[in-house]
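Engineer: Structure below; questions to follow.
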Amino acid sequence: MQRRHLIQTAGLSAIALATALALPLASAQNSNTFKIGLILPMTGQQASTGRQIEAAARLYMAQNGDTVAGKKIELIVKDDVATPDVTKRLAQELIVNDKVNVIAGFGVTPAALAAAPLATQSKTPQVVMAAATSSITEASPYIVRTSFTLPQVSVVMGDWAPKNGVKTVVTLVADYGPGNDAEKFFSERFQLNGGKVIEKLRVPLRNPDFAPFLQKVRDAKPDALFVFVPSGAGAAVMKQFLERGMDKAGIKLIATGDVTDDDQLNDMGDGALGVVTSHHYSTAHPSALNKKFVEAFQKANPKMRPNFMAVGGYDGMRVIYEALKATKGQGGGEALLAAMKGQVFESPRGQVLIDAQTRDIVQDVYLRKVEKKDGQLYNVEFDVIKGVKDPGKAK
């Protein structure tokens, strides 16, 4: 009897939650306010991601107004400390209590995945502005991504390296979804092009100590070390790589652009000069639109330089604004989602498309080298691969 009672209680709780999640839709549609719940890591290890995205979202609003299709835009920012349990609770509160029309942000993959079932149950569009594991968009039909995927940028490096004197590699990645993607897609492409992966190393996501891993790399003596670590951890890798004299030992550092994060690059010092990375955005991207974006961002945030997280947030706001315009301010979750799919526009990073089938971003990926210009370090683009789809979904 007790077991049956517990099952019934659990069932009722699930029904109550589902009902609560479904109810806000009608009232949110009838309101004159359009609410965007921005869930970001504003403190802790990934805090720089949260600060970049919030700053970019507020810049977009400042430039494009806070009224769209007769609706007043309200941005509600919540700090999830990049902890999935906290993300889930905040997403539920935003949907049920605050009656938000869209949830957005999501600094890391586990956070994006934690919110996905709630987006599905409540039919609330979830705009992922940062997290980059390929499979995220498959976790809910309501997820749209405006950042990038690790397979997108990793395969480009897997093509470039073997054509440029790199025959042997050790990979070093953060041990979670994006790191596993980076390792897999770089390694497969590198080996397909005739390269050899000597060893695959994974470091813990939380409080990583790179020293013992880098010592292993030094002992293995590969032509290059391929690295992926999340935004914010790149400076520590660079520092320890140089302290161990690995550059002097003839080991090249190649990486995804997270490692030479634009916002932290100047702090890495001249040891970063010459490092080649593949990524979808650089502060130094030479378009007129990007120059305007960087200037406006730095004017609004004097101590920050916009990085790839900022552009994910900025473009995410554009996707939301344009969907609201397309639905003339009347659309619920389904209509907003339909209006987000297939958007094509010029971003500070270049031309982008929200693929209507996968709801993922299609974009140019650049090869960049760290160079000094006007006394500052920049990721300077020297080649581009146009219109790259996520290889994780290309099959």
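Engineer: Would you point out which residue out of 99, 88 is over 23 Å from residue 331 (Cβ atoms), at pLDDT 95 or above and basic (Lys, Arg)?
Structural biologist: 88
Engineer: So which of 81, 77, 153 is open to solvent by less than 50 Å² (accessible area, probe 1.4 Å) and not in a helix (DSSP H, G or I)?
Structural biologist: The match here is 77.
Engineer: Criterion first (open to solvent by 10 Å² or more (accessible area, probe 1.4 Å), more than 25 Å from residue 197 (Cβ to Cβ) and of a type in the set (D, E, K, R)) does residue 247 satisfy it? I'd like the intermediate steps shown before the answer.
Structural biologist: On the way: open to solvent by 10 Å² or more (accessible area, probe 1.4 Å): yes; more than 25 Å from residue 197 (Cβ to Cβ): no; of a type in the set (D, E, K, R): yes.
In short, no.
Rundown of residues vs (1) in contact with a strand residue (DSSP E or B) (Cβ under 9 Å, 6 or more places away or on another chain); (2) acidic (Asp, Glu); (3) under 21 Å from residue 47 (Cα atoms), yes/no style:
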position	(1), (2), (3)
237	yes, no, yes
240	no, no, no
245	no, no, no
248	no, no, no
276	yes, no, no
285	yes, no, no
296	no, no, no
328	no, no, no
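Engineer: Taking into account only those residues within the stretch 368-391 that are in a loop (DSSP other than H, G, I, E, B) and out of contact with any helix residue (DSSP H, G or I) (no Cβ under 7 Å at 6 or more places or on another chain), which is least open to solvent (accessible area, probe 1.4 Å)? Quick ask: steps written out before the conclusion?
Structural biologist: Within the stretch 368-391, the first condition is being in a loop (DSSP other than H, G, I, E, B), and the residues that meet it are 374-375, 389-390.
If we keep only those that are out of contact with any helix residue (DSSP H, G or I) (no Cβ under 7 Å at 6 or more places or on another chain) as well, we get 374-375, 389.
Values: 374: 158, 375: 63, 389: 121 Å².
Checked the stretch 368-391; the qualifying residue least open to solvent (accessible area, probe 1.4 Å) is 375.
Engineer: Of all residues being open to solvent by 10 Å² or more (accessible area, probe 1.4 Å), outside any helix (DSSP H, G or I) and small (Gly, Ala, Ser) in the stretch 332-367, which is farthest from residue 260 (Cα to Cα)? Just the residue, please.
Structural biologist: Across the stretch 332-367, the extreme among qualifying residues is 332.
Engineer: Applying the selection to the stretch 294-331, what residues are charged (D, E, K, R), more than 21 Å from residue 39 (Cα to Cα) and open to solvent by less than 20 Å² (accessible area, probe 1.4 Å)? Can you show your working first?
Structural biologist: First, the residues of the stretch 294-331 that are charged (D, E, K, R): 295, 299, 303, 305, 315, 318, 322, 325, 328.
Adding the requirement that they be more than 21 Å from residue 39 (Cα to Cα) leaves 295, 299, 303, 305, 325, 328.
Selection gives 305 alone.
Engineer: Kindly evaluate residue 273 against the criterion of being open to solvent by 20 Å² or more (accessible area, probe 1.4 Å) and within 27 Å of residue 84 (Cα to Cα).
Structural biologist: Numbers: open to solvent by 20 Å² or more (accessible area, probe 1.4 Å): yes; within 27 Å of residue 84 (Cα to Cα): no.
It is false that residue 273 is open to solvent by 20 Å² or more (accessible area, probe 1.4 Å) and within 27 Å of residue 84 (Cα to Cα).
Engineer: Here's another thing I want to ask about it. Here are the criteria: (1) in contact with a Gly (Cβ under 6 Å, 6 or more places away or on another chain); (2) open to solvent by 10 Å² or more (accessible area, probe 1.4 Å); (3) of a type in the set (D, E, K, R). Tell me which single one residue 261 does not satisfy.
Structural biologist: Here residue 261 clears every test but (2).
Engineer: Mind listing whichever residues of the stretch 172-227 are of a type in the set (Val, Ile, Thr), more than 25 Å from residue 147 (Cβ to Cβ) and open to solvent by less than 70 Å² (accessible area, probe 1.4 Å)? Break it down stepwise before answering.
Structural biologist: Narrowing the stretch 172-227 to residues of a type in the set (Val, Ile, Thr): 173, 197-198, 203, 217, 227.
If we keep only those that are more than 25 Å from residue 147 (Cβ to Cβ) too, we end up with 197-198, 217.
Once the filter is applied, which keeps residues that are of a type in the set (Val, Ile, Thr), more than 25 Å from residue 147 (Cβ to Cβ) and open to solvent by less than 70 Å² (accessible area, probe 1.4 Å), the stretch 172-227 yields 197, 217.
The values are calculated or read from the model by the stated rules, or taken from the named source; none is laboratory data. It should be emphasised that the depicted structure is a prediction, and the values quoted were computed from it without experimental measurement. Here the Cβ is made from the backbone with ideal geometry for all residues, glycine too, and neighbour counts use every protein chain on show. Keep in mind that these areas ignore ligands, DNA and RNA; they rest on the heavy atoms of the full protein, side chains included. Shrake-Rupley method; radii C 1.70, N 1.55, O 1.52, S 1.80 Å.
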